[in-house]
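Just below is one structure, and these are the notes that go with it.
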Ligand SMILES: Nc1ncnc2c1ncn2[C@@H]1O[C@H](COP(=O)(O)OP(=O)(O)O)[C@@H](O)[C@H]1O
Ligand SMILES: [Mg+2]
């Protein structure tokens, strides 16, 4: 089927996709917040060599990094209800978006944990010695000395991970989520026009990516306190 | 040894893997004493200081600082933290907190570790920074300072917590030669205030002039100790004499006597 670009249809799609932007953004936000939290726990389990948890964390991270997110999505969508049913919990009525939030959060956690692990590892050993030698506890050393320094190292990779997370949300429609891409699909089958929909979707994705890039660029500038230090 | 010692370590052993690095260190330091720790590279001087500050966990031995003593083999986290807060370390590479200003570097241990009220900590920090001659750089970041200035902050940071014993690990080894003397002068001024110091150094003239006692280490043990006059002037052990000879080469023997 040969299509000509129809500008009226582009204009028609624009507001219809705009209202679905919050769905896309909510997936990114939820996955970023919970991904960072869980990722930090995973990273700590490895850095602090916590008994057993350390191995669990390693295996989970390589599984999550080594399988496509769409596989993880369906594993969770079909597998989790079965698992929970076994312990007497029925989640059949749960909105699908929660499966998406969960999938994207743990997927992001794997990537964030690797970023955090290496950026915490990049803080010189001597900074630990100086802090603990000053009488700070290990937790205080993390909070006040090590983490603030690793933020500067972690920011660029974090920005990239969130950007690819944004791109990955384009798969959520496979569960029937009506985000920006899901809306293109839905309206496409009604209007018979897809190209216009994808053009508008592309515009929104570029917009969000550029916005993310801007935010992280600003943030990086703000936290680079050590230009000469090694 | 002595009951009046402010710091006393007995039978300290430490290995890295299978490699013994400290093999039974006994050392007692009197209040107000300045002890210079000498010895060739790799003799375990840094490791000894780090064990006293619990940056390394010793394998065996006992440590007493003031009225608190602990069996190093089975020290609890709480005991370690409490004992550690009785000492402060000045590092060879300064190791200031890179994300903190000069003032914050000094207040950090006071506010966070010792729970001092913030205003009080700032007053104390300003006092010691004045003492080390950096009262005008309170808001500078470590990377904006010269090595000599960074080490002044390192010394201020250690002084601020008013430790029972101040530990220096080659505090001038990383400095430009022309900055060495001013830091040594500062350390001498600190020693003159009656603080207790253990200082690892290769500055023999400084050790001779400032230390009350010189301890010579080699191969993970204390080979010889005594007053600077004894150790420099008439070393009892061949190994001490050989080590010192390398530093006094070309200089007249009277240099140290
Ligand atoms: N973290 C470590 N792991 C393994 N070996 C170490 C470590 N730190 C020091 N050593 C070894 O212990 C010995 C004593 O080192 P050190 O205490 O630094 O000596 P010094 O300060 O007298 O030069 C050296 O042989 C050194 O290689
Ligand atoms: Mg050393």
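A compact table of results
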item: Matching residues in the range B:70-101 - criterion: being more than 13 Å from chain A (Cβ to nearest Cβ) and either surrounded by 22 or more Cβ atoms within 10 Å (Cβ to Cβ) or in contact (Cβ under 8 Å) with a residue 12 or more places away in the chain (or both); result: B:70, B:72, B:73, B:75
item: Residue B:8 away from ligand 1 (no atom under 15 Å from the Cβ), more than 14 Å from chain A (Cβ to nearest Cβ), closer than 28 Å to residue B:122 by Cα and in contact (Cβ under 8 Å) with a residue 40 or more places away in the chain; result: no
item: Breaking point among (1) farther than 21 Å from residue A:118 by Cβ; (2) within 14 Å of chain B (Cβ to nearest Cβ); (3) part of a helix (DSSP H, G or I), for residue A:135; result: (3)
item: Candidates B:157, B:213 - the one that is away from ligand 1 (no atom under 16 Å from the Cβ), surrounded by 15 or more Cβ atoms within 10 Å (Cβ to Cβ), under 19 Å from residue B:109 (Cα atoms) and under 16 Å from the mean Cα position of the chain (by Cα); result: B:157
item: Which numbered condition residue A:119 fails, given (1) more than 19 Å from the chain's Cα centre (by Cα); (2) within 14 Å of another protein chain (Cβ to nearest Cβ); result: (1)
item: Residue, farthest from ligand 2 (Cβ to nearest atom), within the range B:156-179, restricted to residues that are more than 13 Å from every other protein chain (Cβ to nearest Cβ) and in contact with a strand residue (DSSP E or B) (Cβ under 7 Å, 6 or more places away or on another chain); result: B:171
item: Failed condition for residue B:207, given (1) buried (at least 20 other Cβ atoms within 10 Å of the Cβ); (2) within 16 Å of ligand 1 (Cβ to nearest atom); (3) over 17 Å from the mean Cα position of the chain (by Cα); result: (3)
item: Residue check, residue B:56 touching a helix residue (DSSP H, G or I) at 6+ places or on another chain (Cβ under 8 Å) and either more than 16 Å from ligand 2 (Cβ to nearest atom) or within 14 Å of chain A (Cβ to nearest Cβ) (or both); result: yes
item: Single residue of the range B:194-204 satisfying the filter (within 16 Å of ligand 1 (Cβ to nearest atom) and not in a helix (DSSP H, G or I)) that is farthest from residue B:27 (Cα to Cα); result: B:203
item: Selection from the range B:136-148 of residues that are in a helix (DSSP H, G or I) and more than 19 Å from residue B:88 (Cβ to Cβ); result: B:136, B:137, B:143, B:144, B:147, B:148
item: Residue in the range B:120-138 that is within 14 Å of chain A (Cβ to nearest Cβ) and either farther than 28 Å from residue B:54 by Cα or at pLDDT below 95 (or both) present; result: no
item: Enumeration of residues in the range B:15-53 that are within 16 Å of ligand 2 (Cβ to nearest atom), away from every other protein chain (no Cβ under 14 Å) and without any contact (Cβ under 8 Å) to a residue 60 or more places away in the chain; result: B:16, B:19, B:41, B:42
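Residues are listed down the side, and each one gets a yes or a no for (1) closer than 15 Å to residue A:32 by Cβ; (2) not in a helix (DSSP H, G or I):
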site: A:147; (1), (2): no, no
site: A:153; (1), (2): no, no
site: A:171; (1), (2): no, no
site: A:177; (1), (2): no, yes
site: A:186; (1), (2): no, no
site: A:202; (1), (2): no, no
site: A:208; (1), (2): yes, no
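The values are calculated or read from the model by the stated rules, or taken from the named source; none is laboratory data. Only a predicted model underlies this, so the values are computations on that prediction, with no experimental measurement involved. Note that each Cβ is placed from the backbone with ideal geometry, even for glycine, and that neighbours are counted across all protein chains shown.
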